[in-house]
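The values are calculated or read from the model by the stated rules, or taken from the named source; none is laboratory data. Computed from a predicted model, the values in this text were never measured in an experiment. Every residue, glycine among them, receives a Cβ derived from its backbone with ideal geometry; neighbour counts consider all protein chains shown. Calculation scope for accessible area: heavy atoms of the full protein, side chains included, ligands and nucleic acids excluded. Shrake-Rupley method; radii C 1.70, N 1.55, O 1.52, S 1.80 Å.
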Amino acid sequence: MSARLSPSYRSAAVSALAGEFDVLVVGGGVVGAGAALDAAARGLSVALVEAEDWAAGTSSRSSKLIHGGLRYLEQRDFALVREALRERSLLLHRLAPHLVRPVPFLFPLRHGGWERAYVGAGVALYDSIGGARALPMHRHLSRRKALTLAPALRPDALTGAVRYYDAQVDDARLTMMIARTAAQHGATVLTRARVTGLLTAGRDVIGARVVDLLSGTEHSVRARRVIGAAGVWTGELCALAPAPAPFEIRMSKGVHFLVPREKIRLDIGLITRTEKSVLFVIPWSRYWIVGTTDTPWESDRSRPAATTADIDYLLKHVNAELRTPLSAGDIVGVYAGLRPLLAGRSSETTKLSREHTVAEPTPGFFVVAGGKYTTYRVMAADVVDAATRGLGRAVAPSLTRHLPIHGAVGYRELCATRFAVAARAGLPPATVERLLGRYGSAVTELLTMIETDRSLADPLPGAPNYLAAEAVYAVTHEGALDLEDILARRTRIAIEYPDRGMAAAHPVAGLIAPHLDWDAGETQAAVAGYRATARADLAAHSPTTALTPS
(Lines give C-alpha, C1' and ligand atoms only; values in the text may rest on other atoms or scores of the structure.)
Protein backbone atom coordinates (compact mmCIF):
# COMPACT_ATOMS: atom_id res chain seq x y z
CA MET A 1 0.00 0.00 0.00
CA SER A 2 1.03 3.63 -0.41
CA ALA A 3 2.86 5.60 2.26
CA ARG A 4 1.62 8.85 0.72
CA LEU A 5 -0.38 10.81 3.31
CA SER A 6 -2.03 13.26 0.92
CA PRO A 7 -5.27 15.22 1.45
CA SER A 8 -7.08 12.59 -0.63
CA TYR A 9 -5.65 9.87 1.62
CA ARG A 10 -7.07 11.72 4.61
CA SER A 11 -10.54 11.84 3.05
CA ALA A 12 -10.41 8.09 2.47
CA ALA A 13 -9.16 7.54 6.03
CA VAL A 14 -12.10 9.47 7.47
CA SER A 15 -14.51 7.31 5.45
CA ALA A 16 -12.75 4.17 6.66
CA LEU A 17 -13.61 5.01 10.27
CA ALA A 18 -17.07 3.61 9.58
CA GLY A 19 -15.60 0.11 9.59
CA GLU A 20 -14.53 -2.04 12.54
CA PHE A 21 -10.89 -2.52 13.46
CA ASP A 22 -8.95 -5.06 15.42
CA VAL A 23 -7.01 -2.26 17.10
CA LEU A 24 -7.65 1.46 17.54
CA VAL A 25 -4.57 3.40 18.71
CA VAL A 26 -5.11 6.79 20.33
CA GLY A 27 -2.14 9.14 20.20
CA GLY A 28 0.16 10.09 17.31
CA GLY A 29 3.45 10.43 19.14
CA VAL A 30 6.30 8.05 18.51
CA VAL A 31 4.84 5.29 20.72
CA GLY A 32 1.36 5.52 19.18
CA ALA A 33 2.76 5.53 15.66
CA GLY A 34 5.01 2.63 16.63
CA ALA A 35 2.05 0.68 18.06
CA ALA A 36 0.04 1.21 14.86
CA LEU A 37 2.96 -0.05 12.78
CA ASP A 38 3.56 -3.00 15.09
CA ALA A 39 -0.09 -4.10 14.96
CA ALA A 40 -0.44 -3.55 11.21
CA ALA A 41 2.75 -5.50 10.51
CA ARG A 42 1.20 -8.47 12.38
CA GLY A 43 -1.70 -8.49 9.93
CA LEU A 44 -4.24 -6.75 12.17
CA SER A 45 -6.66 -4.10 10.96
CA VAL A 46 -5.59 -0.86 12.61
CA ALA A 47 -6.72 2.74 12.99
CA LEU A 48 -4.49 5.43 14.50
CA VAL A 49 -6.02 8.76 15.51
CA GLU A 50 -4.23 11.88 16.72
CA ALA A 51 -5.91 15.06 17.95
CA GLU A 52 -3.29 17.41 16.50
CA ASP A 53 -0.37 16.37 14.30
CA TRP A 54 2.19 13.60 14.28
CA ALA A 55 4.65 14.31 17.11
CA ALA A 56 2.81 17.51 18.07
CA GLY A 57 3.63 16.94 21.76
CA THR A 58 6.65 15.41 23.46
CA SER A 59 7.86 13.52 20.38
CA SER A 60 8.98 16.70 18.59
CA ARG A 61 10.51 18.40 21.63
CA SER A 62 13.14 15.98 22.88
CA SER A 63 16.91 16.36 23.05
CA LYS A 64 16.90 14.67 19.63
CA LEU A 65 19.15 11.88 20.83
CA ILE A 66 18.89 8.13 20.43
CA HIS A 67 20.85 7.01 23.45
CA GLY A 68 21.10 4.68 26.39
CA GLY A 69 21.54 7.48 28.89
CA LEU A 70 24.81 7.69 30.79
CA ARG A 71 23.07 9.12 33.83
CA TYR A 72 20.75 6.08 33.99
CA LEU A 73 23.87 3.93 34.10
CA GLU A 74 25.08 5.96 37.08
CA GLN A 75 21.68 5.33 38.69
CA ARG A 76 22.33 1.58 38.12
CA ASP A 77 19.36 1.21 35.81
CA PHE A 78 21.31 -1.32 33.75
CA ALA A 79 18.27 -2.97 32.18
CA LEU A 80 16.97 0.31 30.79
CA VAL A 81 20.37 1.25 29.37
CA ARG A 82 20.88 -2.19 27.80
CA GLU A 83 17.44 -2.09 26.19
CA ALA A 84 17.96 1.44 24.88
CA LEU A 85 21.37 0.64 23.42
CA ARG A 86 19.96 -2.39 21.59
CA GLU A 87 17.31 -0.13 20.07
CA ARG A 88 19.95 2.46 19.18
CA SER A 89 21.86 -0.18 17.24
CA LEU A 90 18.71 -1.27 15.36
CA LEU A 91 17.79 2.29 14.43
CA LEU A 92 21.30 3.17 13.28
CA HIS A 93 21.88 0.14 11.12
CA ARG A 94 18.56 -1.39 10.09
CA LEU A 95 15.42 0.57 10.86
CA ALA A 96 16.21 4.23 10.20
CA PRO A 97 19.79 4.88 9.06
CA HIS A 98 18.50 7.85 7.02
CA LEU A 99 17.21 9.61 10.13
CA VAL A 100 19.50 8.36 12.92
CA ARG A 101 23.21 9.05 12.74
CA PRO A 102 26.26 8.79 15.04
CA VAL A 103 27.43 11.84 16.96
CA PRO A 104 30.60 12.08 19.10
CA PHE A 105 30.51 13.64 22.57
CA LEU A 106 33.18 14.97 24.90
CA PHE A 107 32.77 14.31 28.63
CA PRO A 108 35.13 16.75 30.42
CA LEU A 109 36.92 15.55 33.55
CA ARG A 110 37.49 17.99 36.40
CA HIS A 111 39.43 16.00 38.98
CA GLY A 112 42.35 13.63 39.22
CA GLY A 113 42.80 9.96 38.50
CA TRP A 114 39.80 8.75 40.48
CA GLU A 115 37.34 10.57 38.20
CA ARG A 116 39.01 9.29 35.03
CA ALA A 117 38.82 5.74 36.39
CA TYR A 118 35.18 6.18 37.50
CA VAL A 119 33.94 7.78 34.27
CA GLY A 120 36.08 5.51 32.13
CA ALA A 121 34.61 2.40 33.75
CA GLY A 122 31.08 3.70 33.19
CA VAL A 123 31.67 4.60 29.55
CA ALA A 124 33.42 1.26 28.95
CA LEU A 125 30.29 -0.49 30.23
CA TYR A 126 28.19 1.81 28.02
CA ASP A 127 30.30 0.72 25.05
CA SER A 128 29.88 -2.97 25.75
CA ILE A 129 26.27 -3.75 26.71
CA GLY A 130 23.21 -4.22 24.57
CA GLY A 131 24.66 -3.94 21.07
CA ALA A 132 26.57 -0.81 21.94
CA ARG A 133 29.54 -1.83 19.80
CA ALA A 134 27.63 -0.52 16.81
CA LEU A 135 29.60 2.71 17.34
CA PRO A 136 33.31 3.46 17.86
CA MET A 137 34.68 2.75 21.32
CA HIS A 138 35.37 5.55 23.76
CA ARG A 139 38.81 7.16 24.07
CA HIS A 140 40.57 8.88 26.95
CA LEU A 141 41.96 12.31 26.05
CA SER A 142 44.49 14.57 27.68
CA ARG A 143 43.52 18.17 28.36
CA ARG A 144 45.57 19.30 25.36
CA LYS A 145 43.86 16.85 23.01
CA ALA A 146 40.44 17.70 24.42
CA LEU A 147 41.03 21.41 23.83
CA THR A 148 42.08 20.67 20.26
CA LEU A 149 38.65 19.15 19.66
CA ALA A 150 36.88 21.75 21.80
CA PRO A 151 38.78 25.05 21.71
CA ALA A 152 35.70 26.82 23.07
CA LEU A 153 36.22 25.21 26.49
CA ARG A 154 37.97 27.03 29.31
CA PRO A 155 41.32 25.35 30.02
CA ASP A 156 40.66 25.57 33.76
CA ALA A 157 37.31 23.79 33.35
CA LEU A 158 38.86 20.38 32.68
CA THR A 159 41.85 18.19 33.45
CA GLY A 160 41.16 15.85 30.54
CA ALA A 161 38.17 14.23 28.88
CA VAL A 162 36.57 11.06 27.58
CA ARG A 163 35.21 10.94 24.03
CA TYR A 164 32.34 8.57 23.30
CA TYR A 165 29.58 8.14 20.70
CA ASP A 166 25.81 8.24 20.79
CA ALA A 167 23.24 8.90 18.07
CA GLN A 168 21.03 11.76 16.95
CA VAL A 169 17.58 11.91 15.34
CA ASP A 170 15.09 14.40 13.98
CA ASP A 171 12.43 13.24 16.42
CA ALA A 172 9.42 14.73 14.62
CA ARG A 173 10.42 13.37 11.23
CA LEU A 174 11.04 9.86 12.54
CA THR A 175 7.62 9.84 14.20
CA MET A 176 5.94 10.98 10.98
CA MET A 177 7.88 8.41 8.95
CA ILE A 178 6.75 5.65 11.32
CA ALA A 179 3.13 6.74 10.77
CA ARG A 180 3.72 6.64 7.00
CA THR A 181 5.19 3.16 7.34
CA ALA A 182 2.12 2.06 9.28
CA ALA A 183 -0.07 3.37 6.46
CA GLN A 184 2.10 1.49 3.98
CA HIS A 185 1.29 -1.69 5.91
CA GLY A 186 -2.43 -1.06 5.79
CA ALA A 187 -3.16 1.02 8.90
CA THR A 188 -5.67 3.88 8.65
CA VAL A 189 -3.81 6.86 10.12
CA LEU A 190 -5.48 10.20 10.80
CA THR A 191 -4.55 13.51 12.40
CA ARG A 192 -6.92 16.27 13.60
CA ALA A 193 -9.09 13.44 14.97
CA ARG A 194 -9.86 13.86 18.66
CA VAL A 195 -11.20 11.10 20.92
CA THR A 196 -14.04 12.55 23.00
CA GLY A 197 -15.31 9.35 24.60
CA LEU A 198 -14.96 5.59 24.71
CA LEU A 199 -17.63 3.20 23.44
CA THR A 200 -18.51 0.60 26.04
CA ALA A 201 -20.61 -2.53 26.48
CA GLY A 202 -20.89 -2.89 30.22
CA ARG A 203 -17.33 -2.48 31.46
CA ASP A 204 -15.79 -3.55 28.13
CA VAL A 205 -14.35 -0.88 25.86
CA ILE A 206 -15.38 -1.58 22.25
CA GLY A 207 -14.23 1.56 20.47
CA ALA A 208 -14.20 5.34 20.72
CA ARG A 209 -16.07 8.45 19.68
CA VAL A 210 -13.77 10.39 17.36
CA VAL A 211 -14.40 13.94 16.13
CA ASP A 212 -12.90 14.99 12.81
CA LEU A 213 -11.68 18.45 13.79
CA LEU A 214 -11.67 19.67 10.18
CA SER A 215 -15.33 18.94 9.52
CA GLY A 216 -16.70 18.73 13.07
CA THR A 217 -18.26 15.34 12.30
CA GLU A 218 -18.29 12.73 15.08
CA HIS A 219 -17.62 9.10 14.25
CA SER A 220 -18.24 6.02 16.38
CA VAL A 221 -15.17 3.92 15.68
CA ARG A 222 -15.59 0.30 16.72
CA ALA A 223 -12.55 -1.74 17.66
CA ARG A 224 -11.89 -5.01 19.44
CA ARG A 225 -9.05 -3.40 21.33
CA VAL A 226 -8.28 0.26 22.11
CA ILE A 227 -4.70 1.24 22.90
CA GLY A 228 -3.95 4.52 24.62
CA ALA A 229 -0.51 5.98 23.84
CA ALA A 230 -1.29 9.52 24.88
CA GLY A 231 1.86 10.49 26.77
CA VAL A 232 1.19 13.37 29.13
CA TRP A 233 -2.52 13.19 28.19
CA THR A 234 -2.80 9.63 29.54
CA GLY A 235 -4.75 10.75 32.60
CA GLU A 236 -7.35 12.55 30.49
CA LEU A 237 -7.77 9.53 28.24
CA CYS A 238 -8.09 7.14 31.18
CA ALA A 239 -10.75 9.41 32.69
CA LEU A 240 -13.02 8.43 29.77
CA ALA A 241 -12.88 4.75 30.76
CA PRO A 242 -15.31 3.05 33.18
CA ALA A 243 -12.47 2.31 35.61
CA PRO A 244 -9.86 4.34 37.52
CA ALA A 245 -6.50 5.11 35.93
CA PRO A 246 -4.01 2.31 36.64
CA PHE A 247 -1.16 4.71 37.41
CA GLU A 248 -0.35 8.40 37.71
CA ILE A 249 1.68 10.36 35.21
CA ARG A 250 3.83 13.24 36.35
CA MET A 251 5.18 15.74 33.88
CA SER A 252 8.77 16.90 33.72
CA LYS A 253 9.64 19.90 31.57
CA GLY A 254 12.74 19.87 29.42
CA VAL A 255 13.91 23.13 27.84
CA HIS A 256 16.44 23.56 25.04
CA PHE A 257 17.72 26.50 23.05
CA LEU A 258 19.60 26.81 19.75
CA VAL A 259 22.58 29.03 18.95
CA PRO A 260 24.51 29.34 15.66
CA ARG A 261 27.45 26.96 15.25
CA GLU A 262 29.95 29.84 15.12
CA LYS A 263 29.02 30.88 18.67
CA ILE A 264 30.68 27.79 20.18
CA ARG A 265 33.98 26.57 18.71
CA LEU A 266 33.60 22.82 19.01
CA ASP A 267 34.28 19.94 16.64
CA ILE A 268 32.34 17.57 18.88
CA GLY A 269 29.25 17.51 21.10
CA LEU A 270 29.53 18.13 24.82
CA ILE A 271 27.96 16.46 27.87
CA THR A 272 28.53 17.37 31.49
CA ARG A 273 26.75 16.97 34.81
CA THR A 274 24.69 19.64 36.52
CA GLU A 275 23.29 19.56 40.03
CA LYS A 276 19.86 18.55 38.68
CA SER A 277 20.42 16.73 35.39
CA VAL A 278 22.92 16.75 32.55
CA LEU A 279 23.91 19.49 30.15
CA PHE A 280 24.15 18.66 26.46
CA VAL A 281 25.61 20.75 23.66
CA ILE A 282 24.50 18.86 20.57
CA PRO A 283 25.39 19.58 16.92
CA TRP A 284 22.28 20.27 14.84
CA SER A 285 22.85 21.35 11.23
CA ARG A 286 24.06 24.98 11.41
CA TYR A 287 23.33 25.20 15.12
CA TRP A 288 24.06 23.84 18.57
CA ILE A 289 21.20 22.58 20.73
CA VAL A 290 21.85 23.39 24.39
CA GLY A 291 19.77 21.59 27.03
CA THR A 292 18.21 20.34 29.11
CA THR A 293 16.23 21.13 32.22
CA ASP A 294 14.28 18.61 34.28
CA THR A 295 11.65 20.32 36.41
CA PRO A 296 8.06 19.47 37.42
CA TRP A 297 5.27 20.96 35.26
CA GLU A 298 1.62 21.16 36.24
CA SER A 299 0.25 23.75 33.80
CA ASP A 300 -1.06 23.57 30.22
CA ARG A 301 0.08 20.33 28.55
CA SER A 302 -0.37 21.65 25.02
CA ARG A 303 1.93 24.68 25.31
CA PRO A 304 4.75 24.15 27.81
CA ALA A 305 6.78 27.33 27.98
CA ALA A 306 10.40 28.07 28.77
CA THR A 307 10.78 30.67 31.47
CA THR A 308 13.52 33.22 31.96
CA ALA A 309 14.70 31.06 34.85
CA ASP A 310 15.02 28.03 32.51
CA ILE A 311 17.12 29.99 30.03
CA ASP A 312 19.26 31.53 32.77
CA TYR A 313 19.86 28.05 34.22
CA LEU A 314 21.09 26.71 30.88
CA LEU A 315 23.20 29.79 30.17
CA LYS A 316 24.78 29.61 33.61
CA HIS A 317 25.82 25.99 33.16
CA VAL A 318 27.01 26.18 29.58
CA ASN A 319 28.93 29.40 30.26
CA ALA A 320 30.75 27.68 33.13
CA GLU A 321 32.40 25.57 30.41
CA LEU A 322 33.11 28.22 27.76
CA ARG A 323 35.91 30.73 27.20
CA THR A 324 33.49 33.13 25.54
CA PRO A 325 30.13 33.13 27.30
CA LEU A 326 26.81 33.02 25.49
CA SER A 327 24.13 35.63 26.06
CA ALA A 328 20.38 35.57 25.57
CA GLY A 329 20.92 37.59 22.40
CA ASP A 330 22.80 34.66 20.82
CA ILE A 331 19.75 32.39 21.04
CA VAL A 332 17.88 31.84 17.76
CA GLY A 333 15.29 29.34 18.95
CA VAL A 334 13.80 27.84 22.10
CA TYR A 335 11.58 24.84 22.67
CA ALA A 336 10.10 23.12 25.70
CA GLY A 337 8.70 19.61 25.96
CA LEU A 338 7.10 17.45 28.63
CA ARG A 339 8.30 14.01 29.67
CA PRO A 340 5.54 11.64 30.84
CA LEU A 341 7.02 9.95 33.90
CA LEU A 342 5.47 7.22 36.00
CA ALA A 343 4.77 8.76 39.40
CA GLY A 344 6.80 7.54 42.34
CA ARG A 345 7.61 8.59 45.84
CA SER A 346 10.34 11.06 44.91
CA SER A 347 9.46 14.73 44.71
CA GLU A 348 12.19 15.24 42.09
CA THR A 349 11.33 14.34 38.51
CA THR A 350 15.01 13.59 37.83
CA LYS A 351 14.65 10.54 40.11
CA LEU A 352 11.43 9.17 38.62
CA SER A 353 11.60 6.10 36.43
CA ARG A 354 12.18 6.34 32.68
CA GLU A 355 10.93 2.76 32.35
CA HIS A 356 7.52 2.09 30.83
CA THR A 357 4.50 0.10 31.89
CA VAL A 358 1.45 -1.42 30.19
CA ALA A 359 -1.91 -1.77 31.91
CA GLU A 360 -5.48 -2.86 31.14
CA PRO A 361 -7.65 -0.68 33.40
CA THR A 362 -10.83 -2.20 31.96
CA PRO A 363 -11.42 -5.02 29.45
CA GLY A 364 -10.55 -4.02 25.89
CA PHE A 365 -8.66 -0.85 26.89
CA PHE A 366 -4.87 -0.91 27.15
CA VAL A 367 -2.57 1.92 28.16
CA VAL A 368 1.18 2.32 27.74
CA ALA A 369 3.06 5.08 29.51
CA GLY A 370 6.50 6.17 30.68
CA GLY A 371 9.60 5.13 28.77
CA LYS A 372 11.85 7.22 26.57
CA TYR A 373 11.94 8.06 22.87
CA THR A 374 14.75 5.62 22.11
CA THR A 375 12.73 2.62 23.30
CA TYR A 376 9.49 3.50 21.50
CA ARG A 377 9.55 0.24 19.49
CA VAL A 378 9.78 -1.94 22.61
CA MET A 379 6.94 0.00 24.25
CA ALA A 380 4.81 -0.41 21.13
CA ALA A 381 5.49 -4.15 20.91
CA ASP A 382 4.73 -4.64 24.60
CA VAL A 383 1.34 -2.93 24.45
CA VAL A 384 0.33 -4.73 21.25
CA ASP A 385 1.39 -8.04 22.82
CA ALA A 386 -0.88 -7.30 25.78
CA ALA A 387 -3.78 -6.15 23.62
CA THR A 388 -3.74 -9.17 21.33
CA ARG A 389 -3.85 -11.80 24.05
CA GLY A 390 -7.30 -13.30 24.08
CA LEU A 391 -8.19 -11.78 20.72
CA GLY A 392 -9.61 -15.14 19.65
CA ARG A 393 -7.13 -15.98 16.94
CA ALA A 394 -3.42 -16.53 16.55
CA VAL A 395 -1.46 -13.30 16.15
CA ALA A 396 2.14 -13.14 14.97
CA PRO A 397 4.82 -11.85 17.32
CA SER A 398 6.23 -8.38 16.78
CA LEU A 399 8.10 -8.02 13.49
CA THR A 400 9.23 -4.40 13.76
CA ARG A 401 12.83 -5.14 14.72
CA HIS A 402 13.18 -6.41 11.14
CA LEU A 403 11.05 -3.74 9.45
CA PRO A 404 12.83 -0.68 7.97
CA ILE A 405 11.09 2.66 8.32
CA HIS A 406 9.93 4.38 5.12
CA GLY A 407 12.94 5.87 3.33
CA ALA A 408 15.49 3.42 4.76
CA VAL A 409 15.54 0.87 1.94
CA GLY A 410 17.82 2.16 -0.81
CA TYR A 411 19.14 5.04 1.31
CA ARG A 412 22.75 3.84 1.41
CA GLU A 413 22.78 3.19 -2.34
CA LEU A 414 21.58 6.73 -3.00
CA CYS A 415 24.22 8.10 -0.63
CA ALA A 416 26.90 6.26 -2.55
CA THR A 417 25.73 7.84 -5.81
CA ARG A 418 24.76 11.24 -4.36
CA PHE A 419 26.98 13.22 -6.75
CA ALA A 420 25.35 11.60 -9.76
CA VAL A 421 21.92 12.13 -8.19
CA ALA A 422 22.75 15.81 -7.64
CA ALA A 423 23.94 16.20 -11.22
CA ARG A 424 20.74 14.66 -12.62
CA ALA A 425 18.59 16.83 -10.35
CA GLY A 426 20.50 20.02 -11.10
CA LEU A 427 21.09 20.62 -7.39
CA PRO A 428 24.30 21.17 -5.41
CA PRO A 429 25.66 17.95 -3.88
CA ALA A 430 25.41 19.50 -0.40
CA THR A 431 21.68 20.05 -0.93
CA VAL A 432 21.15 16.45 -1.99
CA GLU A 433 23.12 15.23 1.04
CA ARG A 434 20.91 17.30 3.32
CA LEU A 435 17.75 16.01 1.65
CA LEU A 436 18.95 12.41 1.94
CA GLY A 437 19.37 12.98 5.67
CA ARG A 438 15.75 14.11 5.93
CA TYR A 439 13.93 11.85 3.45
CA GLY A 440 16.19 8.88 2.80
CA SER A 441 15.28 7.05 -0.40
CA ALA A 442 11.93 8.92 -0.44
CA VAL A 443 13.98 11.86 -1.73
CA THR A 444 13.35 10.48 -5.22
CA GLU A 445 9.69 11.54 -4.87
CA LEU A 446 10.73 15.05 -3.97
CA LEU A 447 13.25 15.22 -6.82
CA THR A 448 10.54 14.08 -9.25
CA MET A 449 8.42 17.04 -8.13
CA ILE A 450 11.36 19.38 -8.81
CA GLU A 451 11.88 17.83 -12.23
CA THR A 452 8.25 18.61 -13.06
CA ASP A 453 8.38 22.16 -11.66
CA ARG A 454 11.84 23.71 -11.42
CA SER A 455 10.55 26.56 -9.28
CA LEU A 456 10.28 24.06 -6.45
CA ALA A 457 14.09 23.95 -6.35
CA ASP A 458 14.12 27.58 -5.19
CA PRO A 459 15.06 28.34 -1.58
CA LEU A 460 12.13 29.18 0.66
CA PRO A 461 11.89 32.94 1.24
CA GLY A 462 12.43 33.56 4.92
CA ALA A 463 14.06 30.14 5.41
CA PRO A 464 16.61 29.77 2.60
CA ASN A 465 18.13 26.56 3.95
CA TYR A 466 14.99 24.74 2.83
CA LEU A 467 13.57 24.27 -0.66
CA ALA A 468 10.09 25.21 -1.81
CA ALA A 469 9.58 21.55 -2.70
CA GLU A 470 9.88 20.55 0.94
CA ALA A 471 6.84 22.62 1.90
CA VAL A 472 4.74 21.16 -0.91
CA TYR A 473 5.92 17.61 -0.25
CA ALA A 474 4.94 17.99 3.41
CA VAL A 475 1.31 18.36 2.28
CA THR A 476 1.25 15.95 -0.66
CA HIS A 477 3.11 13.09 1.05
CA GLU A 478 3.64 13.71 4.77
CA GLY A 479 0.15 14.56 6.03
CA ALA A 480 0.76 18.23 6.89
CA LEU A 481 -2.49 20.17 7.17
CA ASP A 482 -1.42 23.65 8.22
CA LEU A 483 1.54 25.99 8.53
CA GLU A 484 2.56 24.85 12.00
CA ASP A 485 2.76 21.24 10.82
CA ILE A 486 5.23 22.34 8.15
CA LEU A 487 7.23 25.03 9.92
CA ALA A 488 7.50 23.31 13.31
CA ARG A 489 7.64 19.58 12.50
CA ARG A 490 8.11 18.61 8.80
CA THR A 491 10.86 21.23 8.71
CA ARG A 492 12.38 22.75 11.87
CA ILE A 493 12.12 26.35 10.68
CA ALA A 494 10.23 27.35 13.82
CA ILE A 495 13.24 26.68 16.04
CA GLU A 496 16.03 27.38 13.54
CA TYR A 497 15.11 30.97 12.68
CA PRO A 498 14.81 33.79 15.23
CA ASP A 499 11.35 34.83 13.98
CA ARG A 500 10.01 31.25 14.38
CA GLY A 501 9.27 31.17 10.67
CA MET A 502 7.00 34.20 10.48
CA ALA A 503 8.76 35.50 7.38
CA ALA A 504 8.40 32.10 5.71
CA ALA A 505 4.72 31.72 6.60
CA HIS A 506 3.31 33.72 3.71
CA PRO A 507 5.37 32.10 0.91
CA VAL A 508 4.76 28.63 2.35
CA ALA A 509 1.03 29.32 2.52
CA GLY A 510 1.07 30.32 -1.13
CA LEU A 511 2.81 27.09 -2.08
CA ILE A 512 0.48 24.76 -0.19
CA ALA A 513 -2.86 26.56 -0.69
CA PRO A 514 -3.68 24.82 -4.01
CA HIS A 515 -3.03 21.40 -2.46
CA LEU A 516 -5.21 22.08 0.58
CA ASP A 517 -7.94 23.83 -1.46
CA TRP A 518 -7.50 27.06 0.48
CA ASP A 519 -9.03 30.18 -1.03
CA ALA A 520 -7.45 33.62 -0.60
CA GLY A 521 -9.28 34.26 2.68
CA GLU A 522 -8.30 30.91 4.17
CA THR A 523 -4.70 31.43 3.09
CA GLN A 524 -4.57 34.86 4.70
CA ALA A 525 -6.18 33.52 7.88
CA ALA A 526 -3.65 30.67 8.05
CA VAL A 527 -0.75 33.13 7.85
CA ALA A 528 -2.28 35.43 10.45
CA GLY A 529 -3.00 32.53 12.79
CA TYR A 530 0.51 31.14 12.53
CA ARG A 531 2.11 34.53 13.10
CA ALA A 532 -0.07 35.16 16.15
CA THR A 533 1.01 31.85 17.68
CA ALA A 534 4.65 32.54 16.83
CA ARG A 535 4.50 35.98 18.43
CA ALA A 536 3.01 34.47 21.57
CA ASP A 537 5.77 31.86 21.71
CA LEU A 538 8.43 34.52 21.20
CA ALA A 539 6.94 36.61 23.97
CA ALA A 540 6.96 33.59 26.30
CA HIS A 541 10.42 32.30 25.41
CA SER A 542 12.55 35.23 24.36
CA PRO A 543 10.75 38.56 24.67
CA THR A 544 13.87 40.57 23.96
CA THR A 545 14.30 39.03 20.48
CA ALA A 546 10.74 39.03 19.21
CA LEU A 547 10.47 39.99 15.57
CA THR A 548 7.43 41.09 13.64
CA PRO A 549 7.75 40.84 9.83
CA SER A 550 5.66 43.13 7.71
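Okay, here's what the table says:
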item: Checking Thr148 against (1) of a type in the set (Val, Ile, Thr); (2) open to solvent by less than 10 Å² (accessible area, probe 1.4 Å); (3) more than 16 Å from Gly28 (Cα to Cα), the condition it does not meet; result: (2)
item: Residue selected from the range 371-395 under the condition of a type outside the set (Val, Ile, Thr) and within 15 Å of the chain's Cα centre (by Cα), by the criterion surrounded by the most Cβ atoms within 10 Å (Cβ to Cβ); result: Tyr376
item: Qualifying residues in the range 206-220 (those that are among the β-branched types (Val, Ile, Thr) and surrounded by fewer than 24 Cβ atoms within 10 Å (Cβ to Cβ)) - the one farthest from Ala386 (Cα to Cα); result: Thr217
item: Residue count, the range 174-228 (criterion: in a strand (DSSP E or B) and either free of Cβ contacts under 8 Å to residues at least 24 places away in the same chain or farther than 21 Å from Tyr473 by Cβ (or both)); result: 30
item: Those residues of the range 427-481 which are polar (S, T, N, Q), in a helix (DSSP H, G or I) and touching a helix residue (DSSP H, G or I) at 6+ places or on another chain (Cβ under 8 Å), in sequence order; result: Thr431, Ser441, Thr444, Ser455, Thr476
item: Residue match in the range 512-524 (condition: assigned to a helix (DSSP H, G or I) and open to solvent by less than 20 Å² (accessible area, probe 1.4 Å)); result: yes
item: Residues that are over 30 Å from Arg418 (Cβ atoms), open to solvent by 40 Å² or more (accessible area, probe 1.4 Å) and among the charged types (D, E, K, R), drawn from the range 87-116; result: Arg110, Arg116
item: Hits in the range 221-233 (condition: closer than 29 Å to Ala306 by Cβ and open to solvent by 70 Å² or more (accessible area, probe 1.4 Å)); result: Trp233
item: Residue list for the range 29-43, restricted to those being of a type outside the set (D, E, K, R), surrounded by fewer than 24 Cβ atoms within 10 Å (Cβ to Cβ) and not in a helix (DSSP H, G or I); result: Gly43
item: Qualifying residues in the range 457-480 (those that are in contact (Cβ under 8 Å) with a residue 60 or more places away in the chain and open to solvent by less than 30 Å² (accessible area, probe 1.4 Å)) - the one nearest to Arg303 (Cα to Cα); result: Ala480
item: The range 399-415, subset touching a His at 6+ places or on another chain (Cβ under 6 Å) and outside any helix (DSSP H, G or I), residue surrounded by the most Cβ atoms within 10 Å (Cβ to Cβ); result: Gly407
item: Neighbours by Cβ (under 7 Å, 6+ apart or cross-chain): first from the range 62-76, open to solvent by 40 Å² or more (accessible area, probe 1.4 Å); second in a helix (DSSP H, G or I) and modelled with pLDDT of 80 or more; result: Glu74/Gly122
item: Residues (open to solvent by 30 Å² or more (accessible area, probe 1.4 Å) and part of a strand (DSSP E or B)) located in the range 1-28; result: Glu20
item: Which numbered condition Ser59 misses (of (1) modelled with pLDDT of 95 or more; (2) touching an Asp or Glu at 6+ places or on another chain (Cβ under 9 Å); (3) part of a loop (DSSP other than H, G, I, E, B)); result: (3)
item: Residue in the range 540-547 that is in a loop (DSSP other than H, G, I, E, B), small (Gly, Ala, Ser) and in contact (Cβ under 8 Å) with a residue 60 or more places away in the chain present; result: yes
item: Scope the range 416-430; condition open to solvent by 30 Å² or more (accessible area, probe 1.4 Å) and under 27 Å from Leu95 (Cβ atoms); matching residues; result: Ala416, Thr417, Arg418, Phe419, Ala420, Pro429, Ala430
item: Strands (runs of 3 or more DSSP E) (entirely within the range 234-325) containing at least 1 residues that are of a type in the set (Phe, Trp, Tyr) and surrounded by 19 or more Cβ atoms within 10 Å (Cβ to Cβ); result: 249-260, 278-284, 287-291, 295-297
item: Residue ID - farthest from Leu92 (Cα to Cα), chosen from residues in the range 360-398 that are among the hydroxyl-bearing types (Ser, Thr, Tyr) and not in a strand (DSSP E or B); result: Thr388
item: The range 488-515: number of residues that are small (Gly, Ala, Ser) and in contact with a Phe, Trp or Tyr (Cβ under 6 Å, 6 or more places away or on another chain); result: 1
item: Scope the range 434-456; condition of a type outside the set (Ser, Thr, Tyr), open to solvent by 20 Å² or more (accessible area, probe 1.4 Å) and over 21 Å from the mean Cα position of the chain (by Cα); matching residues; result: Glu445, Leu447, Met449, Glu451, Asp453, Arg454
